[in-house]
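Since every read-out is calculated from the coordinates, none of them should be taken as a lab result. Nothing here was measured: the structure is a model prediction, and the numbers come from that model. Neighbour counts run over all protein chains shown; Cβ positions are idealised from the backbone, glycine included.
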Amino acid sequence: DAGITQSPRHKVTETGTPVTLRCHQTENHRYMYWYRQDPGHGLRLIHYSYGVKDTDKGEVSDGYSVSRSKTEDFLLTLESATSSQTSVYFCAISETVGGSYNEQFFGPGTRLTVL
Amino acid sequence: QQQVKQSPQSLIVQKGGISIINCAYENTAFDYFPWYQQFPGKGPALLIAIRPDVSEKKEGRFTISFNKSAKQFSLHIMDSQPGDSATYFCAASKYGQNFVFGPGTRLSVLP
């Protein structure tokens, strides 16, 4: 398995509280991604990063923010969690070498429940 | 423009049979088409991928067929095994970034 860890793996929180999910990689890959997975929707991109301090929005970015202060860490923050953000969150990493696409490696996921 | 459609939603196949999952995309700028396999409680893992300059790619029992003019691609699993039971996602991306995923197909292979 690629060296990707996510923490926490499970979290239950209440509506209105802030939540931060962490993705940590040991592969030194440039690109990092946050997805959410919901039944019937596959994986949807929330935010991605193409380098330290370089981030951009994905398809479903409303209500989420990210930060990347080090190559190895990518944080996803829900400023004020809502029940619609109950989901499984996956971090992924990838690298592009010499114009050749490398695969995305996914972390084990974080199951977040917002009550 | 960014959507990837996938069918069927679920599939039941007998052991030894052929499993076929289909995907269609809209954005002609997509240039990389991977398939991911996901087991319960795990993250997706790359199974096989293709680029639009070839019409077919085979790796073991898994084959991608690609039809650029129809903007469709499919996954064929030959000699399906119970261990293949998982959820399969097709995806598309431009320059190997910002992947768009299909909604997934849950495959069950009966022993």
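Descriptive notes on the structure:
- Only lysines eight or more places from A:K70 in sequence, or on another chain, were considered; those with a Cα closer than 29 Å are A:K11, A:K53, A:K57, B:K42, B:K94.
- Normalising the Debye intensity of segment A:1-104 to I(0), with uniform scatterers on Cα atoms only, and taking log10 at q = 0.14 Å⁻¹ returns -0.52.
- Value of D in µm² per second that Stokes-Einstein yields for chain B, Kirkwood Rh from Cα pairs, at 20 °C (1.002 mPa s): 154 µm²/s
- FRET efficiency, A:E14 to B:Q72 (Cβ-Cβ, R0 35 Å, nearest 0.05): 0.20
- Cβ-placed point charges (K, R +1; D, E -1), dipole of the protein assembly as shown about Cα centre in debye, nearest 20: 240 debye
- The chymotrypsin sites (Phe, Trp or Tyr not before Pro) found in segment B:40-111 that occupy coil by DSSP, while having at most 15 further C-beta atoms within 10 Å, are B:Y95.
- Eligible aspartates and glutamates near B:K5 by straight Cα distance, threshold 15 Å, same-chain separation 8 or greater: B:E26
- Both radii come from the Cα set of the protein assembly as shown: Rg as radius of gyration, Rh as Kirkwood radius; their ratio Rg/Rh reads 0.97.
- Ascending count of other beta-carbon atoms within 10 Å, so fewest first, for A:T17, A:T71: A:T17, A:T71
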